[in-house]
1. What pairs from LYS46/LYS138; LYS46/LYS144; LYS138/LYS290 go past 19 Å between their alpha carbons?
2. Find the eigenvalues of the gyration tensor of the Cα atoms of segment 19-110, then list the square roots of 5 times those eigenvalues as equivalent ellipsoid semi-axes, largest first, in whole angstrom.
3. Quick one: 3J(HN,Hα) in Hz for segment 386-402, Karplus 6.51/-1.76/1.60 with θ = phi - 60°, rounded, Gly and Pro as x.
4. How much length is gained on full extension from ASP126 to PHE242, taking 0.36 nm per residue of separation minus their Cα-Cα distance?
5. What are the semi-axes of the equivalent ellipsoid for segment 50-172, taken as the square roots of 5 times the Cα gyration tensor eigenvalues, largest first, in whole Å?
6. With r defined as the distance between the Cβ atoms of GLU347 and ILE227 and R0 fixed at 25 Å, what FRET efficiency is calculated, to the nearest 0.05?
7. Going from the alpha-carbon gyration tensor of the chain, what semi-axes, largest first and in whole Å, does one get by taking the root of 5 times each eigenvalue?
8. What list of ³J(HN,Hα) couplings, whole Hz, do you get for segment 195-212 from phi and the Karplus terms 6.51, -1.76, 1.60, once you set θ to phi - 60° and write x for glycine and proline?
Amino acid sequence: MPHRHAVILLFAISVAVITGAVSGWFWGAAMLDIAWIGKLFLNALKMMIIPLVVAAVISGVASMGDIRRLERLGGITVLYYLSTTAIAVLIGLLMVNIIQPGAGLNISGGIIPEKVAGKEATGISDIFLSMISPNLIKSAAETKLLPLILFSIFFSAALTTLGAKGKSVLDFFDGVNEAMMKLVTWLMYLAPIGIFALVAGRLGSAGGGEAFWNEIRAVGLHVVTVISGLALHFATLFLILFFVARRGADYLVNMLRALLTAFGTASSSATLPLTLECARENNVDERALKFTIPLGSTINMDGTALYEAAAVMFIAQAYGIDMSIGQQAIIFITATLAAIGAAGIPEAGLVTMVIVLEAVGLPLEGIGLLLAVDWFLDRFRTTVNVWGDAVGAAVVHRFLPDNNKA
Ligand code: ASP
């Protein structure tokens, strides 16, 4: 997209978020009438995901040429994901121990919310099982990206061993990838109106500003803990961008369209087409972005990991249950895994939190405390999730064998 258009669009999307919030705040339920416009935009974004991810990963892996490069790239990517997710959880635990948002609430009992009821049997083995799908079409239909990505990596590797026959299939996927990116740039022009409707409609369904404010106030310190933890992690990622990837503030500015879309949609998967496009405009090497960003959108969720750790500790404090250092270590490990297992869709983190709560024996009923504000905090953590992927692509770019001379 031409630079001038990108600047105008960024301005328009920023205005859309603000005016959307103001309209939803003051006109409340009346905004539900335009919620369908937001849904239309969201559907259009979702429509892009499957062909885009499959074509990007297949053409990206093949363009690496030597399979040993993929090993190196994969190694750096996984190392980056794990270390930044671990930092995020530590920040979450630190904030919750300092602020103590649940202390003195003296909650007992409660009912298990509908959203997580029946999910008690979700375990860590389910996360591994979700990586390989017995039915790729079904995974695609349910936008479960991880099995599709893993399949695409191996499929592409196989194609590179087939000579001329493989080359023609790869050329096909290259073409599909470029056509999809073209569609995404067109779709971006609709983002301001779509995001306006999404933000206004969601606040409208929360009953407008006043009702929403009362809900936030009830768990005010929890909201403060999560948002300040997320802000701290956002800044930490910026430092990684600066010192490790050697990029500056312009990288962040160019990513803002994707970050605001993440805020508007609360879905890293739906934002994925824009994340890819913005990274490309930031001159991230195609080989790095086609591989790391799709994978990151489903397994690298720093915001979700931070949120899960902070929320579980909040529940413990609210129920007056003391968490020892050993139990916090269990929270550290399970929150990381739960974030890897969470899908890039709205409020997925709330469901995988069951894994963390069960690991330390806390009541699932505690999730009820978080329900009313979860959709709101989801937007902040999704923004951090997408920012983590964007920084990851820049880091991987820097370590590609032919890019690290500078
Ligand atoms: N909504 C988040 C995402 O799409 C996942 C979550 O934390 O619920 O990245």
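1. LYS138/LYS290
2. Value: 39, 31, 11 Å, ordered largest first.
3. For segment 386-402, the Karplus curve yields 5, 4, x, 5, 5, 5, x, 4, 5, 5, 4, 3, 5, 9, 5, x, 8 Hz.
4. 38.1 nm
5. Square roots of five times the eigenvalues give 41, 21, 11 Å.
6. 0.90
7. 34, 25, 20
8. The phi angles translate into 5, 4, 5, 5, 5, 4, x, 5, 5, x, 6, 7, x, x, x, 5, 4, 5 Hz.
Throughout, read-outs are computed from the coordinates displayed, never taken from laboratory work. Remember, it's a predicted structure, so these values are computed and weren't measured experimentally. Note: ideal-geometry Cβ built from the backbone for every residue, glycine included; neighbour counts use all protein chains shown.
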